[in-house]
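The values are calculated or read from the model by the stated rules, or taken from the named source; none is laboratory data. Every value quoted in this text rests on a predicted model; they were computed, and no experiment measured them. So basically every Cβ, Gly included, is an ideal-geometry build from the backbone, and we count neighbours across all protein chains shown.
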Amino acid sequence: MSIIDHNLIPQDLDSFWMPFTSNRSFKENPRFIVSARGMYYTDSNGHEVLDGSAGLWCVNAGHYREEINRAIAEQLETLDFAHSFSAGHPHAFNYASRLVKHFPESMNHVFFTNSGSESVDTALKIALAYHKVCGEGSRQRLIGREKAYHGMGFGGVSVGGLVKNRSPFGVLLPGTDHIKHTHDIERNAFSRGLPKEGAEFADDLQRLVDLHGADTIAAVIVEPVGGAGGVHLPPEGYLQRLRDICTTHGILLIFDEVITGFGRIGASCAATRFGVEPDLITTAKGITNATVPMGAVFVSDTVYDAFMSIDESGVELAHGYTYSGHPLACAAGMATLDIYEREDLFARAAMLNDHWMDSALELRDLAKVIDIRCFALMAAIEMEPRPGEAMQRGVEAGKICYENGVWVRNIGDALVLSPPLIITEEEISRTFEVIAKSIEQTA
Ligand SMILES: Cc1ncc(COP(=O)(O)O)c(C=O)c1O
């Protein structure tokens, strides 16, 4: 039986307001994905493309994992939904207990959400409330970083550092500030793995401490590896330096691991891979292999215990979502974790690291390429913008790659890769060959 059903092509394109999309140009020239298996998508023309982005950094175990599908279907047969507001179903507890075993030792508590944006807002709110319960309510500032992406909730946009995502939405949250980004193409172009130069960018946090006073700062949030801003790897020593400054000044450190969580960089999370423990970790995406929306904030014992020792009885944190710990998401998450454990997928990106970096860096001699940033199973191939036409080469290269059988996204003039962790060495080689050919084909 053909898996392509041409009746799936919609007649009305107007009703769906597509997210983060030029609706007008998509709808003039639409393209529909109709099925997915393993490393590959198939579109409505029957064209098969390798999924170079794992969906949107989320289908880490590859598409169509039967055991996840089955777990969701079976869960529906017994308990479709129960909330967790002063109530409990076993799956949320069982799943949280399993999850924390994979995360840093000091982080033994999980607050469930439904997305990365909600995880970020949750972590920021926990940070503010934590200082309040500790008697330091003056700590209200939230610090982000330039070029960062933390989702599209008001909290995440406020600490985010991408101007196009901020400027349409007014003044955003008061009391936020940003440290400098770490992108330094002059010193670090074509780094193999983590850039050598730039640990001192972390000292910009000290500048904000000196400017605002540590007693006004609640938390700093960073992506340990920036993803949606175009793959920005932390310079060697940078994350530890941030940790040290936070510790010295009683500031909570939040790692936004919505992308790096669940195996993307060769461990369960970047905190583990880099040996730097934050106070809170935000996750989503790979947690359920993207089958059912879910997010989770991992919370350190110190932070959690502060809430649990509040004097008054009653709700310790007035925060949560109707679907926090949704039974279907828990079932999907547990089946996903089974696969990650059985196939040792958290270690796989580390195992493939050398081949990945070698293959990516083979593109360094292409005339249009000005930087390559690569580590574990993340990469950005940055091309020289065409004069007066920023982003256009990126858009064009992305389209040509798709026609040539590899679907990668462009972020500006960079092609960004984050394939499912099940990718083989042969598929890695082929992916970069296709990208090289496609870049050559651009004007
Ligand atoms: C680092 C980071 N934080 C938060 C988010 C937002 O996640 P979501 O789109 O699930 O809300 C993303 C999404 O790409 C992300 O990369």
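If you check VAL299, VAL315, VAL303 for being modelled with pLDDT of 95 or more, within 21 Å of ILE259 (Cβ to Cβ) and aliphatic (A, V, I, L, M), only one passes: VAL299. Of all residues in segment 234-265, how many are within 14 Å of the chain's Cα centre (by Cα) and either of a type in the set (Ser, Thr, Tyr) or more than 14 Å from the ligand (Cβ to nearest atom) (or both)? Final tally of qualifying residues: 2. In this structure, is THR78 more than 30 Å from ILE428 (Cα to Cα), crowded, with 18+ Cβ neighbours inside 10 Å, at pLDDT 95 or above and assigned by TED's automatic domain parsing to the domain that holds ASN165? Spelling it out, it is not the case that THR78 is more than 30 Å from ILE428 (Cα to Cα), crowded, with 18+ Cβ neighbours inside 10 Å, at pLDDT 95 or above and assigned by TED's automatic domain parsing to the domain that holds ASN165.
Here's the yes/no breakdown for (1) closer than 30 Å to LEU252 by Cβ; (2) in the same structural domain as ILE411 (by TED's automatic domain parsing):
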{"position": "HIS326", "(1), (2)": "yes, no"}
{"position": "ALA335", "(1), (2)": "no, no"}
{"position": "ASP354", "(1), (2)": "no, yes"}
{"position": "ALA390", "(1), (2)": "no, yes"}
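Among the residues in segment 99-114, are any more than 24 Å from the chain's Cα centre (by Cα) and either outside the structural domain of LYS399 (by TED's automatic domain parsing) or not in a helix (DSSP H, G or I) (or both)? Scanning segment 99-114, I find no residue that is more than 24 Å from the chain's Cα centre (by Cα) and either outside the structural domain of LYS399 (by TED's automatic domain parsing) or not in a helix (DSSP H, G or I) (or both), so the answer is no.
Whenever a residue of segment 280-292 is in a loop (DSSP other than H, G, I, E, B), its partners that are surrounded by fewer than 24 Cβ atoms within 10 Å (Cβ to Cβ) and polar (S, T, N, Q), lying with C-beta atoms within less than 7 angstrom and at least six residues away or across chains, give the pairs ALA284/SER115.
Table: residues versus (1) touching an Asp or Glu at 6+ places or on another chain (Cβ under 9 Å); (2) more than 16 Å from ASN108 (Cβ to Cβ); (3) of a type outside the set (Gly, Ala, Ser).
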{"position": "ILE254", "(1), (2), (3)": "yes, yes, yes"}
{"position": "ILE259", "(1), (2), (3)": "yes, yes, yes"}
{"position": "GLU277", "(1), (2), (3)": "yes, no, yes"}
{"position": "ILE281", "(1), (2), (3)": "yes, no, yes"}
{"position": "VAL292", "(1), (2), (3)": "no, yes, yes"}
{"position": "GLY295", "(1), (2), (3)": "yes, yes, no"}
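Name the residue that is surrounded by the fewest Cβ atoms within 10 Å (Cβ to Cβ), counting only residues in segment 160-182 that are within 19 Å of TRP57 (Cβ to Cβ) and touching a residue at least 40 places away in the same chain (Cβ under 8 Å). Applying the filter and picking the extreme gives LEU162.
Only residues that are touching a helix residue (DSSP H, G or I) at 6+ places or on another chain (Cβ under 9 Å) and part of a loop (DSSP other than H, G, I, E, B) were counted across segment 376-396, and they come to 4. Would it be correct to say that VAL292 is more than 16 Å from the ligand (Cβ to nearest atom) and of a type outside the set (Asp, Glu)? For VAL292, the condition - more than 16 Å from the ligand (Cβ to nearest atom) and of a type outside the set (Asp, Glu) - is not met.
Being farther than 21 Å from PRO10 by Cα and touching a residue at least 24 places away in the same chain (Cβ under 8 Å) is the filter; apply it to segment 28-48 and report the residue that is farthest from the chain's Cα centre (by Cα). Among those residues, the one meeting the criterion is ARG37.
Criterion applied to SER97, SER53, SER84, SER15 was being of a type in the set (S, T, N, Q), surrounded by 14 or more Cβ atoms within 10 Å (Cβ to Cβ) and more than 16 Å from the ligand (Cβ to nearest atom), and the one residue passing it is SER84. Checking each residue in segment 273-288 for being over 21 Å from ALA127 (Cα atoms) and either within 13 Å of the ligand (Cβ to nearest atom) or not aromatic (Phe, Trp, Tyr) (or both) picks out ARG273, GLY275, LYS285, GLY286, ILE287, THR288.
Which of the residues belonging to segment 362-375 are assigned to a helix (DSSP H, G or I) and surrounded by fewer than 18 Cβ atoms within 10 Å (Cβ to Cβ)? Those that are assigned to a helix (DSSP H, G or I) and surrounded by fewer than 18 Cβ atoms within 10 Å (Cβ to Cβ): GLU362, ARG364, ASP365. Name every residue in segment 141-180 that is farther than 23 Å from THR283 by Cα and of a type outside the set (A, V, I, L, M), in order of residue number. Selection gives LYS164, SER167, PRO168, PHE169, GLY170, PRO174, GLY175, LYS180. Can you find even one residue in segment 123-143 that is out of contact with any helix residue (DSSP H, G or I) (no Cβ under 6 Å at 6 or more places or on another chain), within 12 Å of the ligand (Cβ to nearest atom), assigned to a helix (DSSP H, G or I) and under 17 Å from MET308 (Cα atoms)? Yes, segment 123-143 has at least one match. The condition (being touching a residue at least 40 places away in the same chain (Cβ under 8 Å), surrounded by fewer than 24 Cβ atoms within 10 Å (Cβ to Cβ) and more than 16 Å from the ligand (Cβ to nearest atom)) is satisfied by just one residue among GLU186, GLU200: GLU200.
The numbered conditions (1) in contact (Cβ under 8 Å) with a residue 60 or more places away in the chain; (2) at negative phi; (3) more than 16 Å from the ligand (Cβ to nearest atom) are all true for GLY320 except (2).
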